[in-house]
Structure formats: structure tokens, C-alpha cells
Amino acid sequence: MSDESQVHGAVAATTAAARTAGLDARSTARCELLATELATNLVKHAYGGRLLVTASGDGVVQLAAVDRGPGIADVPASMADGYTTTSSLGGGLGICRRVATRFDLYSRPGQGTVVLARVGAGAESADGIEVGGVLTPHPAQSVVGDGYGVTWEGDRLTVAVVDGLGHGPGAAEARQATLDLAGRHTVTDVSRLLRELDAGLRTTRGAAAGVAQIDGWGRRLTYGCVGNVTGRLYPPREGRTLLCMPGILGAGVPTRSHRLDSADWTDPAVLVMHTDGINGRWRLEDYPEVDRHHPAILAALIWQDAHRGNDDATVVVIRTPTNKDVR
């Protein structure tokens, strides 16, 4: 985002997202103010900045401003009204913190900044587990073929990440059908859910999908995946990539492709899931102290550093919370 004319487009996209999320007029106005302030900051201070806008089915609009600008050396000072590094009034971040339901900021001096603002009261965590993500469409499309869904049932969390085959409306239809099926009812058998997705997507072009289910009581992760979705689990020590079988859900996936992976859900634990619009060349250690921030911050950082730029892209982060600097 490099031109002030793009601010109007960012506000229009945010208004549409608020409508999709079912927000009322007052909350929609808050979203529009946030979009104006964040997009204006990107134009004035950032290099190659983007504003990622997402609407969720539980009534939340999320705005994530990511940039490769100079970073913020003194984050607390930047929250004060009147703070500026230019001739502008410089009250933007303080306004955003007051207007947003949830606000967070992560900055690396000399490398860039992520500002996260959410409006709406949707559930973000349960039983000591937090989820956050970002998604973007193919650059030539107005609809997104990737997505993710989150379902809580007691102490059990199910997260589905889906990549509809191809791009455009057909991929978006497959994505939505997958998320509708996955969210219709919570199942305790991930293999059964994958079989139901395979059967239910026969009338679509098909999709790849990864399903993570965390039993908070038993502290156990079960993971199933078919197609090009990556799951990478980080316990306190070295991370590992979780098992994913080849195939397309909706094309009659053989039973052997419903093999599952499992692991202890330790504390702390981080699970990153993403579609193939994100390459695998990111490293968690490149983001020091990111565990002190909302998981969508890490998702936005991975998107920025590993987005291929020629595909739909989704990144979701699931993790146990730590002491945070959410502001």
C-alpha cells in the first residue's frame, strides 16, 4: 500500500467485511475508522505494507497491517496521542487501541511492524488455547478459495484449514462447502470427519484440508490431512511437520489416506497450519517474543515472509497462551 487513494479501497473492503460478519452500524463505523488509520499509517511509514481484512462467521472483523518499514523503537510511546515521526498528528495507534475490541502490536526495529485490531465479541480462546489466522485471495481474484474454521465443544477444539482446488468462484464454493460440513457438528473421530468431507465434496471441484483436534482435558492433539496443507507442531523443543496424505477430498480418497498423526499437546505448544500459498521456508525462531502476542500476529508474520504471491493463502496459529504484551 503506497498511495493515499488506496486508503478508500481499504475502507470499502472493511465495510464489506463488517457486513459479512453481521456487525451493527456502530461496530461497522469502528471498523471503518480502524481501516482508515491503519491504511494511512501504511502509506506514510511503511514499505510494501498490506492491510489484511478478514470477516469470521462468529461476528468478528480482523484487520492486520503488516509492513517492512523501519519498525517502532519505543512501542509504549507510539501509543500516546500526538506521537509522530513525521509532520502528521500521529495519534493513529492510540485511537486504534481505544476503538478495537482487541488490539496488539509487534515490531522489529529495522524489519517492520504488525498491527492487529479486531472488532466483535467472537470466542477467541477456551481451555487455555488460542487461535488466530489470516487469509488472502489469489491476486487476480476477488473471492478467496482458502479458509479456516474453528469449533469449540467443551474442552475440545477442532480447527479445519481448507484449500479449494484452483482459484476463483469454484474454489470458493469448495472451501465454503468444506467449512460448512466441518462446522455442522463436532466429531471426536478425525478420520470420520475426513471421510464425511470426501463424500460431501463430490459435487464440488474438491479441496485439500487439514484437521487438528485438541483434547484439552487429555492434553492430546490428533491431526489428519489430505492434500497440500502443512501442519507444523512446536513443543518446547524442536518442531516437526505433521503427517499429510496425498489426494483431493471429493475425488474418492482411499481409506488408507485417512491416516492420522498424534502428539502430546504440551504447555507451551504451537501448531502452525497453512495452505500451499505459503512456502515452507519460514522459521519460528525469526520472530523473537512473538509468543507474548495474539496468535494472529505470528500468522501475519509468516504470511508476510512466506507468501508465494500467486495463490490463495491461509495461515492459522493454534497455541497455549503465555504472558502477553497485548495492548
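The values are calculated or read from the model by the stated rules, or taken from the named source; none is laboratory data. These figures come from a predicted structure and were not determined experimentally. Positions of Cβ are backbone-derived with ideal geometry, glycine not excepted, and every protein chain shown enters the neighbour counts. Heads up: the accessible areas ignore ligands, DNA and RNA and are worked out on the full protein's heavy atoms, side chains in. Shrake-Rupley method; radii C 1.70, N 1.55, O 1.52, S 1.80 Å.
Keeping the other protein chains in place, figure out the carbon and sulfur percent of the accessible area of segment 237-289, with a 1.4 Å probe.
The C+S portion of the solvent-accessible surface of segment 237-289 is 47 percent.
With every protein chain kept in place and ligands, DNA and RNA left out, what is the accessible area per residue of the chain? Probe 1.4 Å, answer in Å².
Working: 14010 Å² over 327 residues.
For the chain, the solvent-accessible area averages 43 Å² per residue.
At what distance in nm do the modelled label points of THR266 and ASP3 sit from each other, each positioned 7 Å from its Cα along Cα→Cβ?
For the pair THR266/ASP3, the computed spacing is 5.0 nm.
Work out how much length ARG184 to TRP217 would gain on full extension: take 0.36 nm times their residue separation and subtract the Cα-Cα distance, in nm to one decimal. Before the final figure, lay out the partial values.
Values: separation 33, 0.36 × 33 = 11.88 nm, distance 2.27 nm.
That works out to 9.6 nm of additional length.
Once phi is turned into ³J(HN,Hα) by the Karplus curve 6.51 cos²θ - 1.76 cosθ + 1.60 with θ = phi - 60°, what whole-Hz value does each residue of segment 308-316 show in order, with x for glycine and proline?
Working through the residues one at a time gives 6, x, 10, 7, 4, 8, 9, 10, 10 Hz.
How high is the FRET efficiency between GLU238 and ARG308 when r is their beta carbon distance and R₀ equals 22 Å, given to the nearest 0.05?
In this case the efficiency is close to 0.30.
Under a 5 Å amide H to amide H cut-off, with H placed in plane at 1.01 Å, what residues pair with LEU52 once short-range neighbours are removed?
Those qualifying (amide H under 5 Å, at least 5 residues apart or on another chain) are ALA64, ALA65, VAL66.
Assuming R0 = 35 Å, what is the FRET efficiency of ALA73 and ALA199, from their Cβ-Cβ distance, to the nearest 0.05? It would help to have the intermediate numbers written out before the result.
Numbers: r = 55 Å, r/R0 = 1.57.
Efficiency at R0 = 35 Å is approximately 0.05.
If you average the C-alpha positions of segment 1-31 and of segment 252-327 separately, how far apart do those two centres end up, in angstrom?
Using only Cα atoms to place each centre, the spacing works out to 26 Å.
For MET245, what residues show an amide H to amide H distance below 5 Å, using hydrogens built from the backbone and excluding near sequence neighbours?
Amide H neighbours of MET245: CYS225, VAL226, GLY227.
Based solely on its DSSP helices, what 222 nm [θ] is calculated for the chain when runs of n ≥ 4 H residues each add -39,500 (n - 2.57) and the sum is averaged over all residues, nearest 500 deg cm²/dmol? Mind dumping the intermediate values first?
Numbers: 7 runs with 90 residues, N = 327.
Theoretical 222 nm ellipticity from helices: -8500 deg cm²/dmol.
Using θ = phi - 60° and the Karplus form 6.51 cos²θ - 1.76 cosθ + 1.60, what ³J(HN,Hα) does each residue of segment 135-148 get, whole Hz, x for Gly and Pro?
Whole-Hz 3J(HN,Hα) from phi for segment 135-148: 8, 9, x, 4, x, 9, 10, 9, 10, 9, x, 9, x, 8.
Calculate the spin-label point distance for ARG259 paired with GLN141, positioning each point 7 Å from the Cα along the beta-carbon direction, and give it in nanometres.
3.0
Label-point separation (nm) for ARG19 and GLU285, each offset 7 Å from Cα along Cα-to-Cβ?
Here the answer is 4.8 nm between the modelled labels.
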